[in-house]
1. Filter the stretch A:233-259 down to residues that are outside any helix (DSSP H, G or I), of a type in the set (S, T, N, Q) and either under 14 Å from the mean Cα position of the chain (by Cα) or buried (at least 24 other Cβ atoms within 10 Å of the Cβ) (or both), then give me how many there are.
2. Can you report the number of residues in the stretch A:245-289 which are closer than 25 Å to residue B:109 by Cα and within 14 Å of chain B (Cβ to nearest Cβ)?
3. If I ask for residues that are of a type in the set (Phe, Trp, Tyr) and farther than 30 Å from residue B:92 by Cβ, which ones from the stretch A:268-322 would you list?
4. With the requirement that a residue be aromatic (Phe, Trp, Tyr) and out of contact with any Asp or Glu (no Cβ under 9 Å at 6 or more places or on another chain), what does the stretch B:132-177 give you?
5. Kindly evaluate residue B:72 against the criterion of being away from chain A (no Cβ under 11 Å) and surrounded by fewer than 23 Cβ atoms within 10 Å (Cβ to Cβ).
6. Which one of these does residue A:128 not meet: (1) assigned to a helix (DSSP H, G or I); (2) more than 20 Å from the chain's Cα centre (by Cα); (3) within 22 Å of residue A:219 (Cα to Cα)?
7. With assigned to a helix (DSSP H, G or I), over 17 Å from residue B:46 (Cα atoms) and hydroxyl-bearing (Ser, Thr, Tyr) as the only criterion, which of B:178, B:186 stands out?
8. Regarding the stretch B:232-252, can at least one residue be identified that is surrounded by 21 or more Cβ atoms within 10 Å (Cβ to Cβ), touching a residue at least 12 places away in the same chain (Cβ under 8 Å) and over 18 Å from residue B:46 (Cβ atoms)?
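The values are calculated or read from the model by the stated rules, or taken from the named source; none is laboratory data. What you are looking at is a predicted structure, and each value in this text was computed from that prediction instead of being measured. A quick note on method: Cβ atoms are made from the backbone with ideal geometry, for glycine too, and the neighbour counts reach across all protein chains shown.
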Amino acid sequence: MVSTKYRLWVFTITLTTLAILVFVLGNYFLSQGASSLTSRVYEYRFYRIFIAVATGMILGFTGSYMQASLRNPLVDHYILGVGGGALFTVYLTVMFLPKTIPWIISLAAIAGGFTALFLTIAIAESIGGSDIAYVLSGIGVSAMFSGLSITLSFIISTKNPYAIHLLLGSLITVSRKWFPAVIVLLAILWFSYILLSKPLNTLLLGDLYSKQLGFNPRLYRFLAITIAGASASITVAYCGIIGFIGLVSPHIARLLLKTVDNRFVIPVAGLVGSILLLLTDNISRVYLASSIGEVPVGALTSAFGAPFFLVLLVRRFRGRGL
Amino acid sequence: MTIKAMGLRVVYKGGVVAVNGVDIVFRKGVVTGIVGPNGAGKTSLLKALARLVPYQGLVYIDGYEVSRRPYSFIARMLSYTSDLDTPSFLSYTVYEALLLSRYPVSRGFLESRRDYEVVDRIVGELGLEKLVDRRLNELSSGELRRVLFAMALAREPDYLLLDEPDSHLDLGGKAEISRIIRRYSSGRTIVLTTHDLLFAVNTVDYVVVMDSGRVVLAGKVGEAIVNKGVLEKIYGVKIEAVWRNGRLLIIPLYHG
């Protein structure tokens, strides 16, 4: 039997790993080429590390929320089309807005993300609502919005050459403008985690059991999906679509913790998300930048994450658990 | 400690009337079995009593009208069990499911010592020691039925509503679940539904026979079942009811 003590240990070890990584990478990169650096470069590097850690955590949380509330281990904001929808409206806003105003772009991202999310849910539910129905419906919705976004990106690139980075998901455009938004998102997610993790646990047993364990399943599913959808959409507004972190992190958390209990899975998935995004971003901007140029981190997370998704899919069809 | 329903109606979308004007009282310390053919409204009645489906009319539990209370209020007094639809990917272990079943009465974010004590006691009483680390989706029907009953008991409710606790069970499994239900009947109000009349006469004190959303017969198990004319009519099968060693046996004669 896996005890609570063991799970708290896993949490502590994951947290320590993240802290060590932040310390080592932060120390190394902040000091690299120190003699010739301006304070702006220092600042940029600091924000980049911070945003990588925070965004990874946000994606870990939102992935866990989406998987638990939909009882579907195959989804994250990318698979459900939230990323695609949010990016489309972000591009639309960038086209018409004279400069980057985070809150307007965030609201636009949320509107697009929700449109795509509800479209995916409506189509998936109309074809039976199985976990695979969600994946297929999400792929369709995602493809539609991605097509529109790619088209818009050609128009925008003349005005804002960095906008193209959002298409593949990159932390290259981070700035302190987004700092408050990210802090608020983290606060909302940690607070909602305390309120939602127990109801989400009951949702895994189905709506009937959730009700008779004292929770209104519709209310809590709505809250979890809304918070997750909005948070993931806002990450798209500042760093584009970073896929698979939200999908993979909860699974790694469940494997480490040996449980599906969301009280433990959600925070550990957040920490795992931070670790994964920090590492892949560093691979992208340090190791690859010196050889083939700075590859968008979203490309790397897809390259690493998609095989993981395929393994899940195969195991799902062979009827095996995780 | 009673459950009282007055003028209870359950109407589903599309106008299907599942329960059509039922007045009934379930008393403390009594096991009541609801029987009747498929579509008679047994499960809908049970779900309405637990406020799991919308209903018209009144349901009082301990004097409180159920529809005005939040789910959490009802969950503290009453457990309802039915088939569990557990996904193979995101499945709890038996022990986790038992702890989770205490959410309505357990206040903190993490489990308290008392939560563990109660769950350990129930595991011991129902002999689930070998199952505690197994996942719910890996259990056999018989094992799952015992675990579901344990989950229902975990929050120490005054009321137990069991929807077909004997479904998918072989003879031995039915006998075992019947003994378990009897063991926990004192001091509690237990209402169950079943398709198996033999299981009913061995398990319950009172029987309620439903057909087309209405109660057509109710009474002490021996008296009601002996009135086999009603049963023969609603099931459309000849029934032999015989007493042996003070126990009633029900034998359906499929071919007349």
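1. So the answer is 0.
2. Residues in the stretch A:245-289 being closer than 25 Å to residue B:109 by Cα and within 14 Å of chain B (Cβ to nearest Cβ): 17 in total.
3. A:287
4. If the condition is that a residue be aromatic (Phe, Trp, Tyr) and out of contact with any Asp or Glu (no Cβ under 9 Å at 6 or more places or on another chain), then B:149 is the only one that fits.
5. No: the conditions fail for residue B:72.
6. (1)
7. It is B:178.
8. no
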